[in-house]
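Asks: Next up is a structure, given as structure tokens.
The values are calculated or read from the model by the stated rules, or taken from the named source; none is laboratory data. Computed from a prediction, not measured in an experiment: that's the story for all the values here. Quick reminder, even Gly has a Cβ in these numbers, built from the backbone with ideal geometry, and neighbours come from all protein chains shown. Ligands, DNA and RNA are stripped out before the accessible areas are found, and what is left, the full protein with its side chains, is counted by its heavy atoms. Shrake-Rupley method; radii C 1.70, N 1.55, O 1.52, S 1.80 Å.
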Amino acid sequence: MRAFKWFVVLIVVAWAGSPLTVTPRAQGPIAAFHAIGDLPGGGFTTWIKDATRSGGVIHAVGGAVARVTCPTGAPCASTDTGILWRSDGSALRVLPDVVSTSFNPPVTASAITPDGAYIASTARDLNTSTTPASSILRAVRVETNSLTNLNLSAFSPPLTISAGAVAISTSGSILYGRRSGRGIRFDTSDSTNVLIPLVCPGVNLQCPGTADNFNPVAERGSSADGSVAVGSSFNTTTSNQRHKAYRYVHDSGVTAIPLLPGGSFNDALAVSPAGDLVLVTGNSAENPNGEAYLYSASTGEIQRLGSPNAAWRPGPRATIPGGMTADGSVIAMTFSGNDGQYAYFRNSHGWFHLTSALGANGVDIAADGWNLETLQIQGMSSDGTLVFGSGEHNGNTDGFVAEFAPGTLASFNPQATPPVSTAVVGVWTFVDAGDPAPTDPDHVVVFTADGVYYHIEGEPGEPLAGFERGLYTFNGSEVAITTLFDTNGSTGMSSDSGVTYQGVIVSGDTLIVDGQVQAHRISGSPGSIVGGWVGGNPTEAHNSFLLAFAQNKYFAVIDFSDGSQSEVGTYTWNPLSHELIATVGGVVDTGNFVTPSADGLGLHVLGDDGDEFDLARIIDPATIPAITNPQLSASGVAGQAFNYGVTATNVATFDATGLPDGLSINSSTGQISGTPAIGGQFAVTISATSAR
């Protein structure tokens, strides 16, 4: 019998997912973060309310503590002395009182002219004729070179009750202030003052309920020429104060700024130098906790800016600080919740943590002792180069000025980049140090191979859980986080935005930080659905679908342009029928089918509503096997024993299709062996599949 030779051509099909095109994170200009200390002799609390750059020197004003000694280890409740700080190294300067006194009510400076020549401030005046032993506050304009006061409270009509100045025109001739909660305009050219009308001076159809009695002007809330001011009008005696943002035009009166659709209140934070554009916050049907928007008085148009964290509100509401550039292209403000507050800014690319922009430019304020959950932005310069406010610094409330090169905040738009070390890629559940890997995690963190992270948290009893999405880098020892989208307050990774953590090591399926096990990886075999799966393109905003399966709990994120939400529930999955039964908030959801691909790297999801998704398993790319045979061909003789070894990197399971009868592959070793029954030429596809 004639023996036939046969020839095997091995064709390797390697699954690696769709290639992603990403832009490397650019090295931006250097930023600086100036911490403003306190005055000697008092407690330690400093606020910065305004800042400008003139002659290459930053001039910042605010308040500090000089007369009060705070309890040991506790910051003072407020400041009692106006201050002027300069970046040229000169000492912190105390702003003068009208009359020197030993009394210490809250005093602060609120605004400074662009050239640094004049300050809108508050000073003390002891009025013994009407209220002995009581300290009265006076609105003043301070001339910075001589540190002399112009007492605005002496203008006609003279003010005999407390007042303060909070905004100032470019020339320093017009100032705005507050007289017992009422907005007031001061004109230094004729030494007069005028009360700003209330939005609702009485009750009518447009103003139901209670008439307004307060209408304070927003700090720095004046146009360049002083003809326009903005603020909020409301009644302080009602339990449910209905704030009404207003725009005041001198000699024309007050106009209420429109609410957002479904909204019930709004507040004006800042106005452009031209007086037309107003930065406003208010609630809406989409954001009941509040969001930011721009209002143009000339066109009546509203530009909605949304919220960086749907779980939080703009504020704190007592002050609602914030600011914007002259054209409104960049805004900066604070959002807060019951568990903290964070400094944010927004440009045409979206919302970002201020610490992210600092970190991208080499400034890690957490490493310098700043508590990121206490940062409060008071405002920003009209050119977008200075952002100022206060925060907890080494246990005390400290003022700050963040300095950026021109255009840095306007152009900030970090892009996803694959991490240098991909060992962290996968799904992790964080635990207390030393605890074993939990089988019932209450939150997971997912790191993808393209430099995107997700954090999902919640309990099965909560139909909608919270999540966040952002970018990360990992070089094998350092992790840096940049949060881009957040719905769950300070929970998760957002509290670390812009911070670089050192001492991070991945050892197999454990993540070790500073020598302690902090997290465990959730992994599944090719035949299971356990692990992380992603569809769409996470590197693009609102274009991804994420599923993470633990042993009996699942975490999901649907983040598309028409809406974003997350979900946490329990599940059972039948590996034969592929039916997945999910339980969320006590509601059982059937009719879902989840089918993994043969190689374990793909997942097809068919929902009970008919929606279909194809997802890819999230695994460390370094663990994806590659066939390493130098020659992918072999020959043998029909009827005679045959052996051919397939070799690969990071192998877990081998497979081969198209083999001639009589041959088979050992899935563990990759050895093709047996006795071919027939001769011919055969195209054989081999694969090596990772276990993770």
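Asks: Given the conditions (1) closer than 25 Å to Leu606 by Cα; (2) part of a strand (DSSP E or B); (3) open to solvent by 20 Å² or more (accessible area, probe 1.4 Å); (4) not charged (D, E, K, R), which single one is not true for Val517?
Replies: Here Val517 meets the rest and fails (1).
Asks: Also, I was wondering about something else. If you go through the stretch 524-547 one residue at a time, how many are assigned to a strand (DSSP E or B) and more than 17 Å from Glu612 (Cα to Cα)?
Replies: Looking only at that region, the number is 2.
Asks: Filter the stretch 472-503 down to the residues that are assigned to a strand (DSSP E or B) and free of Cβ contacts under 8 Å to residues at least 60 places away in the same chain, then identify the one that is most open to solvent (accessible area, probe 1.4 Å).
Replies: Gln502
Asks: In the set Arg124, Arg178, which member is modelled with pLDDT under 95, at negative phi and open to solvent by less than 20 Å² (accessible area, probe 1.4 Å)?
Replies: Checking each option against the conditions leaves just Arg124.
Asks: Only residues that are modelled with pLDDT of 85 or more and out of contact with any Leu (no Cβ under 7 Å at 6 or more places or on another chain): list them for the stretch 127-146, please.
Replies: If the condition is that a residue be modelled with pLDDT of 85 or more and out of contact with any Leu (no Cβ under 7 Å at 6 or more places or on another chain), then Leu137, Arg138, Glu143, Asn145, Ser146 are the ones that fit.
Asks: Here's something else I'd like to know. Those residues that are in a loop (DSSP other than H, G, I, E, B), open to solvent by less than 30 Å² (accessible area, probe 1.4 Å) and not small (Gly, Ala, Ser), I need them from the stretch 672-692; list them, please.
Replies: Pro676, the sole residue that qualifies.
Asks: Let me ask something additional. With respect to the numbered conditions (1) open to solvent by 20 Å² or more (accessible area, probe 1.4 Å); (2) aliphatic (A, V, I, L, M); (3) assigned to a loop (DSSP other than H, G, I, E, B), which one is the sole condition not fulfilled by Leu159?
Replies: Among (1) open to solvent by 20 Å² or more (accessible area, probe 1.4 Å); (2) aliphatic (A, V, I, L, M); (3) assigned to a loop (DSSP other than H, G, I, E, B), Leu159 violates only (1).
Asks: Also: Inspect the stretch 619-639 for any residue being touching a His at 6+ places or on another chain (Cβ under 6 Å), closer than 22 Å to Tyr454 by Cβ and in contact (Cβ under 8 Å) with a residue 24 or more places away in the chain and give the result as yes or no.
Replies: There is no residue in the stretch 619-639 that is touching a His at 6+ places or on another chain (Cβ under 6 Å), closer than 22 Å to Tyr454 by Cβ and in contact (Cβ under 8 Å) with a residue 24 or more places away in the chain.
Asks: Considering only residues that are open to solvent by 30 Å² or more (accessible area, probe 1.4 Å), part of a loop (DSSP other than H, G, I, E, B), among the polar types (S, T, N, Q) and modelled with pLDDT of 95 or more, which ones fall in the stretch 291-330?
Replies: Across the stretch 291-330, the qualifying residues are Ser298, Thr299, Ser329.
Asks: For a quick check of your reading: which strands (runs of 3 or more DSSP E) sit entirely within the stretch 562-604 and have at least 2 residues that are more than 23 Å from Gly426 (Cβ to Cβ), without any contact (Cβ under 8 Å) to a residue 60 or more places away in the chain and hydrophobic (A, V, I, L, M, F, W, C)?
Replies: 587-596
Asks: Filter the stretch 242-254 down to residues that are touching a strand residue (DSSP E or B) at 6+ places or on another chain (Cβ under 7 Å), at pLDDT below 95 and either open to solvent by 70 Å² or more (accessible area, probe 1.4 Å) or of a type in the set (Val, Ile, Thr) (or both), then give me how many there are.
Replies: 1
Asks: Out of the residues in the stretch 451-465 meeting the condition of being at pLDDT below 95 and part of a loop (DSSP other than H, G, I, E, B), tell me which one is most open to solvent (accessible area, probe 1.4 Å).
Replies: This residue is Leu464.
Asks: Which one of these does Pro261 not meet: (1) open to solvent by less than 10 Å² (accessible area, probe 1.4 Å); (2) at pLDDT 95 or above?
Replies: (1)
Asks: Restricting attention to the stretch 640-652, and to residues there that are open to solvent by 60 Å² or more (accessible area, probe 1.4 Å) and closer than 21 Å to Phe682 by Cα, which single residue is modelled with the lowest pLDDT?
Replies: Here the residue is Thr647.
Asks: Checking Val217 against (1) surrounded by fewer than 22 Cβ atoms within 10 Å (Cβ to Cβ); (2) within 26 Å of Ser264 (Cβ to Cβ); (3) touching a Phe, Trp or Tyr at 6+ places or on another chain (Cβ under 6 Å); (4) at pLDDT 95 or above, which single condition isn't satisfied?
Replies: Unmet condition: (1).
Asks: Can you say whether Ser523 is more than 27 Å from the chain's Cα centre (by Cα) and either open to solvent by 30 Å² or more (accessible area, probe 1.4 Å) or within 30 Å of Gly369 (Cα to Cα) (or both), as far as the supplied structure shows?
Replies: yes
Asks: Let me ask another. Name the residue that is farthest from Pro106 (Cα to Cα), counting only residues in the stretch 65-91 that are in a strand (DSSP E or B) and touching a residue at least 40 places away in the same chain (Cβ under 8 Å).
Replies: Out of the qualifying residues, it is Trp85.
Asks: Still on this structure, please answer the following. Can you list the strands (runs of 3 or more DSSP E) found entirely within the stretch 331-423 that contain at least 3 residues being open to solvent by less than 10 Å² (accessible area, probe 1.4 Å)?
Replies: In the stretch 331-423, the matching strands (runs of 3 or more DSSP E) lie at 331-337, 340-347, 376-380, 386-393, 396-403.
Asks: Within the stretch 103-121, which residues are open to solvent by less than 50 Å² (accessible area, probe 1.4 Å) and at pLDDT 95 or above?
Replies: Result: Ala109, Ser110, Ala111, Ile112, Thr113, Gly116, Ala117, Ile119, Ala120, Ser121.
Asks: Please pick out the residue among Phe560, Phe545, Phe555, Phe549 that is among the aromatic types (Phe, Trp, Tyr) and either modelled with pLDDT under 90 or exposed (fewer than 15 other Cβ atoms within 10 Å of the Cβ) (or both).
Replies: Selected residue: Phe560, the only one of Phe560, Phe545, Phe555, Phe549 that is among the aromatic types (Phe, Trp, Tyr) and either modelled with pLDDT under 90 or exposed (fewer than 15 other Cβ atoms within 10 Å of the Cβ) (or both).
Asks: A further question follows. Quick one: would you say Val506 is assigned to a strand (DSSP E or B), surrounded by fewer than 20 Cβ atoms within 10 Å (Cβ to Cβ) and touching a residue at least 40 places away in the same chain (Cβ under 8 Å)?
Replies: no
Asks: Among residues belonging to the stretch 185-214 that are open to solvent by 50 Å² or more (accessible area, probe 1.4 Å) and among the aliphatic types (A, V, I, L, M), point out the one that is nearest to Ser156 (Cα to Cα).
Replies: Per the stated criteria, the residue is Val194.
Asks: Next question. Just name the residue that is most open to solvent (accessible area, probe 1.4 Å) out of those in the stretch 653-671 that are among the hydrophobic types (A, V, I, L, M, F, W, C) and in contact (Cβ under 8 Å) with a residue 24 or more places away in the chain.
Replies: Ranking the qualifying residues of the stretch 653-671, first place goes to Leu659.
Asks: For Val594, are the conditions met, namely being out of contact with any Gly (no Cβ under 9 Å at 6 or more places or on another chain), at pLDDT 90 or above and surrounded by fewer than 17 Cβ atoms within 10 Å (Cβ to Cβ)?
Replies: no
Asks: Which of (1) at negative phi; (2) open to solvent by less than 60 Å² (accessible area, probe 1.4 Å) does Gly600 not meet, given it meets every other one?
Replies: (1)
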